[in-house]
1. Non-local amide H neighbours of Asp31 (under 5 Å, H modeled in plane, Pro and chain starts lacking H): which ones?
2. Tell me, what are the semi-axes, in whole angstrom and largest first, of the equivalent ellipsoid of region 177-226 as set by the roots of 5 times the Cα gyration tensor eigenvalues?
3. Loop-only GluC sites (Glu not before Pro) in region 164-248, please: DSSP not H, G, I, E or B, and at most 16 other Cβ atoms within 10 Å.
4. Output wanted: per-residue J couplings in Hz (rounded whole) for region 161-178, from phi through Karplus 6.51 cos²θ - 1.76 cosθ + 1.60, θ = phi - 60°, x for Gly and Pro.
5. Considering only Gln144, Gln29, Gln162, give the residue with the highest GNM mean-square fluctuation for the chain, with springs between Cα atoms whenever their separation is below 10 Å.
6. Which percent of the accessible area of region 1-131 is formed by carbon and sulfur heavy atoms (probe 1.4 angstrom)?
7. Enumerate the calculated ³J(HN,Hα) couplings along region 112-122 in order (Karplus 6.51 cos²θ - 1.76 cosθ + 1.60, θ = phi - 60°), each rounded to whole Hz, writing x wherever the residue is Gly or Pro.
8. If I model a spin label as a point 7 Å beyond the Cα along the Cα-Cβ vector, how far apart are those points for Ala142 and Arg116 in nm?
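The values are calculated or read from the model by the stated rules, or taken from the named source; none is laboratory data. Fair warning: this is a prediction, and the values are worked out from it, not measured in the lab. In this analysis, Cβ positions are derived from the backbone assuming ideal geometry, glycine residues included, and neighbour counts consider all displayed protein chains. Heavy atoms of the whole protein, side chains included, go into the accessibility calculation; ligands, DNA and RNA do not. Shrake-Rupley method; radii C 1.70, N 1.55, O 1.52, S 1.80 Å.
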Amino acid sequence: MPPTYGMYEVSAAINDLGVKKVLLTNDFQLDVPSILQAADSNTKIMFVCSPNNPTGNVFRKEDITALLEQFSGIVVVDEAYIDFADADSFIKELENYPNLVVLQTFSKAWGLAALRLGMAYSSEEMNKILNSIKFPYNVNQATQNFAFEALDHIDRHKEIVQAVLEQRNWLREAIGQLETVEKIYPSDANFLLVKIKQAKQVYQSLKKKLLIVRDRSGVSLCDNCLRITVGTPEENKQLISALKEMGA
Ligand SMILES: *Cc1c(COP(=O)(O)O)cnc(C)c1O
């Protein structure tokens, strides 16, 4: 459901599978009637990223529920950013929907992207199917050790989330004061989607200063938008100074 995370399309292409895309509505929500209409007997899986990347918002619970109830295939809810959102995880809905798979990861709120470890949660029925098609090799011991170590220090995880939420507020406030910024979208994630005049030039100028943001201006519904990840206080101050210097 673009604009969204691109990796599912890449995985589909690698496996020679067709992909149907249904654009989000103008307020970045799921277009449920169009999605259900686009699904046919060949449609096996729907991928829904909530909070969504790059738009940053969670989708309405009733819309995801409508897909779970009215689509007979698998609905994957990717919750990579759920720790930064107020909304509940769909893990709570697993007992109600045998066709639901919830994905989470150590890559974002745990600060462990290099660990390459994620989780899939699903009904027992679905677990059996997934187990029967997965490779027999499991998560390696070194990765497991790091994961257990991280879980033993859950305070660190809470600190990361708390720091990101504080800095997200600070950044929103600071970016909001720049004259060329037209809109900062609401965010339930660890980044802000910002509509800014001359986004491409701003991106290039920041890059020259080794400040890397994501240029999403070429993405549908994201005209002149940059996706700015919330950094440390120092990084965020550097970003704001750089933007002011270039007259943003
Ligand atoms: C970052 C991200 C992931 C996490 O990918 P990993 O392979 O676990 O690092 C998954 N989904 C979305 C939407 C993301 O933005």
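1. Counting only residues 5 or more places away or on other chains, the set is Thr25.
2. 16, 12, 12
3. Here the GluC sites (Glu not before Pro) that fit, given the DSSP loop and packing criteria, are Glu179.
4. Along region 161-178, the couplings run 4, 4, 5, 5, 5, 5, 5, 5, 5, 4, 5, 4, 4, 5, 5, x, 8, 7 Hz.
5. Gln144
6. Answer for region 1-131 is 52 percent, counting heavy atoms of protein chains only.
7. 10, 4, 6, 5, 6, 10, x, 10, 10, 10, 7
8. In this crude label model, Ala142 to Arg116 measures out at 1.0 nm.
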